[in-house]
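Just so you know, all these numbers are worked out from the coordinates, no wet-lab data involved. Quick caveat, the model's predicted, so the values are computed rather than measured. When we count neighbours, we look across all protein chains shown, and the Cβ atoms used for this are built from the backbone with ideal geometry, even at glycine.
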Amino acid sequence: MQTLKVLVTVVMLAIVSAFTIAILTQPDAPQELKRSYAGVTIGNEYQSTSTDSTWAGLKKAVVTNTSGVLGSVIVTGTSATVFEIKDATSTTDVSSTTLATFAASPGTGTYVFDTIFTRGLSINALGSFAGKYTVTFRSN
């Protein structure tokens, strides 16, 4: 009887192990089951761009001209000017949509958006800009 219990347990463990391996090795396995680094699933990492005083007088910069996700804006140094992030295909896109506007001299910190953009990502620093911002995004 004891031998039968051990045999059933071994067979069940083999079945569960085979099933788990089959799921995790599928190319279309759910993202939450795939490996991740630092809490972000592979394929969902964010890219970033940073601003500094060289952005002074720069009216607009196109970060990407594809669709994607605006992750966050990390403010480490403030500027006495307005900073806009737009869903736009170019610096002259008249059909752009404003995703975020930072007033002059915002508080330092991380501002999380996790919002989609469909046309592209454009940054507009109005006036003389001297802030230190990092914009994270994911392109599709």
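Protection proxy ranking, highest mean first, for peptides 69-79, 104-114, 8-18: 69-79, 104-114, 8-18, where packing is the per-residue count of other beta-carbon atoms within 10 Å, averaged. Counting Lys and Arg as +1 and Asp and Glu as -1, what is the net charge of the other residues whose Cβ lies under 11 Å from the Cβ of Ser95? With Lys, Arg at +1 and Asp, Glu at -1, the net is 0. Simple spin-label estimate for Ile15 and Ser95 gives 5.7 nm between the two label positions (7 Å along the Cα-to-Cβ direction from each Cα). Calculation over all alpha carbon pairs of region 83-140 in 10 angstrom steps from 0 returns a P(r) of 21, 53, 26, 1 percent.
May I ask for the equivalent-ellipsoid semi-axes of region 57-109, computed as the square root of five times each C-alpha gyration tensor eigenvalue and listed largest first in whole Å?
21, 13, 9
Multiplying the residue separation of Lys5 and Tyr111 by 0.36 nm and removing their Cα-Cα distance gives an extension gain of 32.5 nm.
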